[in-house]
Amino acid sequence: MASNRAQGGIQQLLAAEQEAQHIVNAARSAKMARLKQAKEEAEKEIAEYRNQMELEFQRKVAESSGDSGANVKRLEQETDAKIHHLKTEAARISHDVVSMLLKHVTSVKN
């Protein structure tokens, strides 16, 4: 009977060891699943943050482009005004300049 009892004790120990191994394997599987889930959640958050930053960047680029467009338009208006001013001044004094040039070219000095 002692050998049966010893045999039963060994069987109990083997069964307990197998059960412990199953528990450890289940815990490892749960840990791996949780790590995978955490990684997926982190990647999702990173993608959302990246999209948010990209939208913010595009908005700032659009704002600054709008400003440069306004600056270009303002500079074009200023340039056109200066060109118009120079043309009117040239037209106003061109007769006097031609007269002065003719006077100097045609006068003879000793």
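A few notes on this one:
- Condition check for Glu54: at pLDDT 95 or above and surrounded by 10 or more Cβ atoms within 10 Å (Cβ to Cβ): yes
- Looking across segment 60-99, the residues that are open to solvent by 100 Å² or more (accessible area, probe 1.4 Å) and of a type outside the set (D, E, K, R) come down to Gln77, His84, His85, Leu86, His95.
- Within segment 14-71, the set of residues being among the aliphatic types (A, V, I, L, M) and under 15 Å from the mean Cα position of the chain (by Cα) comprises Ile46, Ala47, Met53, Leu55, Val61, Ala62.
The values are calculated or read from the model by the stated rules, or taken from the named source; none is laboratory data. If you're wondering where the values come from, they're calculated on a predicted model, not measured in any experiment. No Cβ is skipped: glycine too gets one built from the backbone with ideal geometry, and neighbour counts run over all protein chains shown. When the accessible area is computed, the model is the full protein with side chains, heavy atoms only, and any ligands, DNA or RNA have been set aside. Shrake-Rupley method; radii C 1.70, N 1.55, O 1.52, S 1.80 Å.
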